[in-house]
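Input: a single structure, listed below in structure tokens.
Every number here is computed from the coordinates shown, using simple stated rules; none is lab data. Computed from a prediction, not measured in an experiment: that's the story for all the values here. Neighbour counts run over all protein chains shown; Cβ positions are idealised from the backbone, glycine included.
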Amino acid sequence: MRLHLAALLALVLSACSKPENLSYRIVATKPHDPMCYTQGLEFWNGRLFESGGGYGVSTVREVNPANGEVLRRRPMAKHVFAEGITILNNELWVLSWKEKTAFVLEPDTFKFLRLHEYPGEGWGLTHDGTHLIMSDGSATLRFIDPKDFSEKKRLTVTDGKREVVMLNELEHVDGVIYANIYQSDRIARISADTGKVTGWLDLAALRKQLPQPHRAEELNGIARDPKTGRFLVTGKLWPKSFEIEIGN
């Protein structure tokens, strides 16, 4: 009975706990292509990959993480609006916004390998080592089998009793999902097990460090460098990216 009550109390306390306000420290500021409408950002084997959206201008690119130089790029079809990307099992996955299609590319050459169709919209994309994890602009995260793109489970993201919508670009780190919130400069830290928001990171102050004039829109793009544990963040049409350390 005591164990049962202790477990119940732990669940109640967990449900009532409020998300932390996360701190951060800027480690470095780097150039970023101000023409890139950033949708996805991903470190892989010490290399940096990025997708840029827009009908007729969508691209997938490899970027020099040290100086933001675009090393190579692949244009997407003119009818495709590229969204989130991730790399799993040596394959680069690219979502599309309204085209209901995920494209699979070879990351070293950007050679097309295959495609998969899915219902609804595609926004952000990451993986947990086994499943792809995608957002669609709602409060729902879908866990996807990369073999056939079948949906294995759904997770509703909540802050207390409120559903958190407009989930966009994603990054999974050790059981935690970081998600850009579209039309804001905030990032939610989410439990990949429960969907509960455990922390909020407000990066609105980064805008003040962007050189004028600029056309910068929302913060979008989260990539964790496994070598340093630091995060690279940027935004749609931002002329800069920022390497940051996230605190508690």
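Per-structure values
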{"quantity": "The chain - mean residue ellipticity at 222 nm from DSSP helices (-39,500 (n - 2.57) per run, n ≥ 4, rounded to 500)", "calculated": "-2000 deg cm²/dmol"}
{"quantity": "Tilt relative to the chain, helix 2-16 - C-alpha long axis, 0 to 90 degrees, to 10", "calculated": "40"}
{"quantity": "Which listed pairs, of 98/236; 30/111; 78/111; 100/196; 98/208; 100/240, have C-alpha distances above 21 Å, in listed order", "calculated": "30/111; 100/196; 98/208; 100/240"}
{"quantity": "Neighbour cut-off at most 16 other Cβ (10 Å), DSSP loop, chymotrypsin sites (Phe, Trp or Tyr not before Pro), region 22-62", "calculated": "55"}
{"quantity": "Amide H partners (placed H, <5 Å) of residue 54, local residues excluded", "calculated": "82"}
{"quantity": "Highest-first arrangement of 64-71, 213-220, where packing means the average Cβ count within 10 Å", "calculated": "213-220, 64-71"}
{"quantity": "Karplus 3J(HN,Hα) series, Hz, for region 194-206 with 6.51 cos²θ - 1.76 cosθ + 1.60 (x for Gly, Pro)", "calculated": "10, x, 6, 6, 9, x, 10, 10, 9, 10, 4, 5, 5"}
